[in-house]
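Structure first, commentary second.
The values are calculated or read from the model by the stated rules, or taken from the named source; none is laboratory data. Owing to the predicted nature of the structure, the values given are computational and were not obtained by experimental measurement. Neighbour counts are summed over all protein chains in view; Cβ atoms, including those assigned to glycine, are modelled from backbone coordinates with ideal geometry.
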């Protein structure tokens, strides 16, 4: 080892080391996860019973908006970027990311962006209230201009961060693979991130375009989204979802990658259908660009448009199905054990598939007219985002934590964390299918009496899920501070890949000479 | 409540099965708290059938997929001595599970397409209703009939604030429901005056976004008389949860009587425009109009919400004599770029005069000024 890290705060401010930056991303995203979770707890507390209890409807709308924004942009996306920073160089046998200086900048743009966003809570007009989708004209003409402006700059900043992060990942994967590691030998996590990074580079500028048009409408006297000035409010939705639909795959593809690493390990059997997994990931990414308007079936598109978007959306079920079947085939005739990373992966598999089924139901346009903007949709996307992205992220942390820290987490505590999360999650979101079908619209600060029972169950589940994430934090801190030392390179019997060839904890600099892949 | 909690715990063990169970219960009852209503229009019945078809296909696939998963997890446990095989691909199998789902999807797309064509067929309607969403009320205009009115949440504030017990139709009741005839094809022309709303009545299977500057069509042919309740389904600001929809479907004869009565009421109200009212008359009427139309933002006590909705109590606009015209103007024409909408044409000149008078004399604003309906009428006509 050439030299160690600098000491004190400057190590973290100036660092260009991929492991340090990975840790910064992971800790930042965890902080945001807790913050976004706190917003969710306020929402669920208010919805515990019909009637207005704790907060005013304005504040309720701020909470739903901030919960969505913080979870998507602050928690899930940075979590996977952090994972990419930590793992991609180690998985491909590279000494660091390709552009370390830019790596530092792309992380350090995030805290000011979210500080700005959070600061809007304390402005006179309050935080943004138009939902995480911030549809115009509610978010332009009818929003507090100060709040809207700060929000727009925050989105720009996090967008710049994402684009830099993705370019870095693309450059690293394309240029710095160990000798002998052809594209079709890359670990699946690396593959999914390569595709995700291209998605990010393609759509973050679209989001930037949308918020720039908003900024011009608010301060520049233009009328992009104002019908009174010749604009079109639906234009906003088209632009937003052209970003927003690929965005959901940006969130879920790295999760697919994680699961594709973990299931083979605990099945002690190679991943089934490696190449079809790669093709499936690529087809999902390509399809994601032509299905955006399925979020807008009720805006009044022409019949031909509705049919096109319906058919294209249904098609996504095919490659996604291939992935699920391949994972199950990986376990078939394996030798399976059930450590915590595997438990989270199995929960991912089952719950994500349920989210996929409701996704197919939502793709059917005539039925979607009834599902759209109801709690059925809320249930659907939380099965995909939480049971998909967040559960796979928990699995990833438990899976690689021994490699990161050289210490083993407490398996019994981790299993408690798993079961409370699993039960809490399902109690929260499964009943939302029912209230949605029975007619409860989303983003409601109060509701009619027939929805009361299921909302109460939902809230109880949410508190359980929320508390169990504090346990997660405790487990991680206990591991870092005093977990049992694990010096073996391979923590898990069935683990394969270059990251398992380096010592535990992974040294500050790995692979000063590239390993050879056969 | 407790029984349901128990059900849900069971559900965690075999979630898909129980969902199927509750959906079955809906089939026999027609209406349920767990499933989509079958509804009262041909379209809603088609949509319900498609929904259930998709659901059962998903359940079937789920049973197969999760069955294979559970089988593998039980059979190939390491603790039971399972030794891993080493196969990792099979082109035939992978092609099969790409092609078979594709064929299933074609089977789903067929009924979905015919249903969608039915949903879009709004031609040859016998009755046109213009539906306008505005923060946070619905306006219904019977095209060609000279009848139109606002429909506003009628649940008392006390129930929302938990001061009194909640009624049976808590948050699902309005002062004036949309009245429609049974057995006629009704077309809805849906638009909005400020932000995007969405007009959703589950029993009619109608959900159409109301978008400012654009008008979109939807339709319903109601087969059964009754009261059907719905909601605004697009986030539209603070009172999003408080703008319900109530549709009262009645036999045609009853509908015609109702329409005639509505027309007469409108004519009587117009006649009142020329009448001269006393302060007390206007104050009494104005209080009522205010609590229906204005209190959602400016509050019953006129104090408004800081940073969002200006106070009227003690406001220069409402107490200074030289601001009277400006006051009338903002109520009649609204203020663009804010949540203050134009009420001229939405409520009668008598009510406008009453509410302006009320605002200038309530909560200690005691200006003593009286605005007569004719003043509002003249202002609207630009005099």
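For residue B:116, only one of the following conditions fails: (1) outside any loop (DSSP other than H, G, I, E, B); (2) within 12 Å of chain A (Cβ to nearest Cβ); (3) surrounded by fewer than 21 Cβ atoms within 10 Å (Cβ to Cβ); (4) under 27 Å from the mean Cα position of the chain (by Cα). What is its number?
Residue B:116 satisfies every listed condition except (3).
From the set of residues in segment B:150-187 that are in contact with a strand residue (DSSP E or B) (Cβ under 7 Å, 6 or more places away or on another chain) and without any contact (Cβ under 8 Å) to a residue 60 or more places away in the chain, which is nearest to the other protein chains (Cβ to nearest Cβ)?
Per the criteria, the residue is B:154.
Can you tell me which of (1) under 26 Å from the mean Cα position of the chain (by Cα); (2) under 19 Å from residue A:358 (Cα atoms); (3) crowded, with 17+ Cβ neighbours inside 10 Å; (4) at pLDDT 95 or above is the one residue B:65 doesn't meet?
Against the list (1) under 26 Å from the mean Cα position of the chain (by Cα); (2) under 19 Å from residue A:358 (Cα atoms); (3) crowded, with 17+ Cβ neighbours inside 10 Å; (4) at pLDDT 95 or above, residue B:65 comes up short only on (1).
With A:477, A:467 as the choices, which residue is assigned to a helix (DSSP H, G or I), more than 14 Å from every other protein chain (Cβ to nearest Cβ) and without any contact (Cβ under 8 Å) to a residue 40 or more places away in the chain?
Numbers: A:467 fails: without any contact (Cβ under 8 Å) to a residue 40 or more places away in the chain.
Every option except A:477 fails the conditions.
Kindly provide the set of residues from segment B:57-85 that are more than 7 Å from chain A (Cβ to nearest Cβ) and closer than 11 Å to residue A:334 by Cβ, ordered by number. Lay out the reasoning, then the answer.
First pass over segment B:57-85, keeping only residues more than 7 Å from chain A (Cβ to nearest Cβ): B:57, B:59-61, B:63-64, B:67, B:70-71, B:74-75, B:79-81.
B:75 - this is the single residue of segment B:57-85 that is more than 7 Å from chain A (Cβ to nearest Cβ) and closer than 11 Å to residue A:334 by Cβ.
Provide a single number: the residues in segment A:262-280 that are in a helix (DSSP H, G or I), closer than 21 Å to residue A:400 by Cβ and out of contact with any strand residue (DSSP E or B) (no Cβ under 8 Å at 6 or more places or on another chain).
Filtering segment A:262-280 for residues in a helix (DSSP H, G or I) gives A:262-267, A:274-280.
Within this subset, residues satisfying the condition of being closer than 21 Å to residue A:400 by Cβ are A:262-267, A:274, A:277.
Okay, now just the ones that are also out of contact with any strand residue (DSSP E or B) (no Cβ under 8 Å at 6 or more places or on another chain), so A:262-265, A:274, A:277.
So the count comes out to 6.
Go through (1) more than 14 Å from chain A (Cβ to nearest Cβ); (2) buried (at least 20 other Cβ atoms within 10 Å of the Cβ) one by one and return the number of the condition residue B:284 breaks.
Condition not satisfied by residue B:284: (2).
Which numbered condition in (1) away from chain B (no Cβ under 14 Å); (2) within 30 Å of residue A:483 (Cβ to Cβ) is the only one that residue A:381 fails?
For residue A:381, the failing item is (2).
Of the residues that make up segment B:133-140, is at least one in a loop (DSSP other than H, G, I, E, B), within 29 Å of residue B:236 (Cβ to Cβ) and under 32 Å from the mean Cα position of the chain (by Cα)?
Taking segment B:133-140 as the starting set, the residues that turn out to be in a loop (DSSP other than H, G, I, E, B) are B:135-136.
Still in the list and also within 29 Å of residue B:236 (Cβ to Cβ): B:135-136.
Next, only the ones that are under 32 Å from the mean Cα position of the chain (by Cα) stay: B:135-136.
Yes - at least one qualifying residue is present in segment B:133-140.
Among the numbered criteria (1) in a loop (DSSP other than H, G, I, E, B); (2) surrounded by 17 or more Cβ atoms within 10 Å (Cβ to Cβ); (3) more than 12 Å from every other protein chain (Cβ to nearest Cβ), which one does residue B:223 miss?
Of the numbered conditions (1) in a loop (DSSP other than H, G, I, E, B); (2) surrounded by 17 or more Cβ atoms within 10 Å (Cβ to Cβ); (3) more than 12 Å from every other protein chain (Cβ to nearest Cβ), the odd one out for residue B:223 is (2).
Any residue in segment A:243-255 that is over 30 Å from residue A:341 (Cβ atoms), free of Cβ contacts under 8 Å to residues at least 40 places away in the same chain and more than 14 Å from every other protein chain (Cβ to nearest Cβ)?
The answer is no; no qualifying residue exists.
Scanning segment A:480-503 for residues that are touching a helix residue (DSSP H, G or I) at 6+ places or on another chain (Cβ under 6 Å) and over 23 Å from residue A:269 (Cα atoms), which turns out surrounded by the fewest Cβ atoms within 10 Å (Cβ to Cβ)?
Among residues in segment A:480-503 that are touching a helix residue (DSSP H, G or I) at 6+ places or on another chain (Cβ under 6 Å) and over 23 Å from residue A:269 (Cα atoms), the one surrounded by the fewest Cβ atoms within 10 Å (Cβ to Cβ) is A:480.
Tell me whether segment A:374-383 contains one or more residues that are closer than 29 Å to residue A:63 by Cα and touching a strand residue (DSSP E or B) at 6+ places or on another chain (Cβ under 9 Å).
Initial filter on segment A:374-383 (closer than 29 Å to residue A:63 by Cα): A:374-383.
Narrowing further to those that are touching a strand residue (DSSP E or B) at 6+ places or on another chain (Cβ under 9 Å): A:374-375.
There is at least one residue in segment A:374-383 that is closer than 29 Å to residue A:63 by Cα and touching a strand residue (DSSP E or B) at 6+ places or on another chain (Cβ under 9 Å).
Name, by its number, the condition in (1) closer than 30 Å to residue A:293 by Cα; (2) surrounded by fewer than 16 Cβ atoms within 10 Å (Cβ to Cβ) that does not hold for residue B:205.
That leaves (2) as the condition not met.
Out of the residues in segment A:436-455 that are part of a helix (DSSP H, G or I) and facing another protein chain (nearest Cβ under 8 Å), which is nearest to residue A:378 (Cα to Cα)? Quick ask: steps written out before the conclusion?
Residues of segment A:436-455 part of a helix (DSSP H, G or I): A:436-437, A:449-455.
Cutting the leftovers down to facing another protein chain (nearest Cβ under 8 Å) gives us A:437, A:449-451, A:453-454.
Values: A:437: 11, A:449: 19, A:450: 18, A:451: 15, A:453: 17, A:454: 14 Å.
So, considering only residues that are part of a helix (DSSP H, G or I) and facing another protein chain (nearest Cβ under 8 Å), the one nearest to residue A:378 (Cα to Cα) is A:437.
Just one of (1) over 30 Å from residue A:437 (Cβ atoms); (2) assigned to a loop (DSSP other than H, G, I, E, B); (3) touching a helix residue (DSSP H, G or I) at 6+ places or on another chain (Cβ under 9 Å) trips up residue B:283, so point out which.
Every condition holds for residue B:283 apart from (2).
Go through segment B:310-339 residue by residue and tally those that are crowded, with 19+ Cβ neighbours inside 10 Å, within 14 Å of chain A (Cβ to nearest Cβ) and touching a residue at least 12 places away in the same chain (Cβ under 8 Å).
Residues in segment B:310-339 being crowded, with 19+ Cβ neighbours inside 10 Å, within 14 Å of chain A (Cβ to nearest Cβ) and touching a residue at least 12 places away in the same chain (Cβ under 8 Å): 1 in total.
Kindly provide the set of residues from segment A:286-306 that are within 18 Å of residue B:102 (Cα to Cα) and buried (at least 18 other Cβ atoms within 10 Å of the Cβ), ordered by number.
Within segment A:286-306, A:287, A:288, A:291 qualify.
Right, residue A:182: crowded, with 21+ Cβ neighbours inside 10 Å, more than 14 Å from chain B (Cβ to nearest Cβ) and within 30 Å of residue A:281 (Cα to Cα) or not?
no
Any residue that is within 21 Å of residue A:244 (Cβ to Cβ) and free of Cβ contacts under 8 Å to residues at least 12 places away in the same chain - is there at least one of those in segment A:269-289? So that I can check it myself, show each step before the final result.
So the first thing to find is which residues in segment A:269-289 are within 21 Å of residue A:244 (Cβ to Cβ), and the list is A:281-289.
Now restrict to residues that are free of Cβ contacts under 8 Å to residues at least 12 places away in the same chain: A:286.
For segment A:269-289, residues within 21 Å of residue A:244 (Cβ to Cβ) and free of Cβ contacts under 8 Å to residues at least 12 places away in the same chain: present.
Only one of A:122, A:33, A:39 is farther than 30 Å from residue A:188 by Cα, away from every other protein chain (no Cβ under 14 Å) and surrounded by fewer than 24 Cβ atoms within 10 Å (Cβ to Cβ). Can you tell me which?
A:39
Could you go through segment A:121-133 and let me know if any residue there is over 14 Å from residue A:168 (Cβ atoms), in contact with a strand residue (DSSP E or B) (Cβ under 7 Å, 6 or more places away or on another chain) and assigned to a loop (DSSP other than H, G, I, E, B). Give the steps one after another, and end with the answer.
First, the residues of segment A:121-133 that are over 14 Å from residue A:168 (Cβ atoms): A:121-133.
In the following step, the residues that additionally are in contact with a strand residue (DSSP E or B) (Cβ under 7 Å, 6 or more places away or on another chain) were identified as none.
No: segment A:121-133 contains no residue that is over 14 Å from residue A:168 (Cβ atoms), in contact with a strand residue (DSSP E or B) (Cβ under 7 Å, 6 or more places away or on another chain) and assigned to a loop (DSSP other than H, G, I, E, B).
What's the number of the only condition in (1) free of Cβ contacts under 8 Å to residues at least 60 places away in the same chain; (2) within 13 Å of another protein chain (Cβ to nearest Cβ); (3) more than 16 Å from the chain's Cα centre (by Cα) that residue B:201 fails to meet?
(3)
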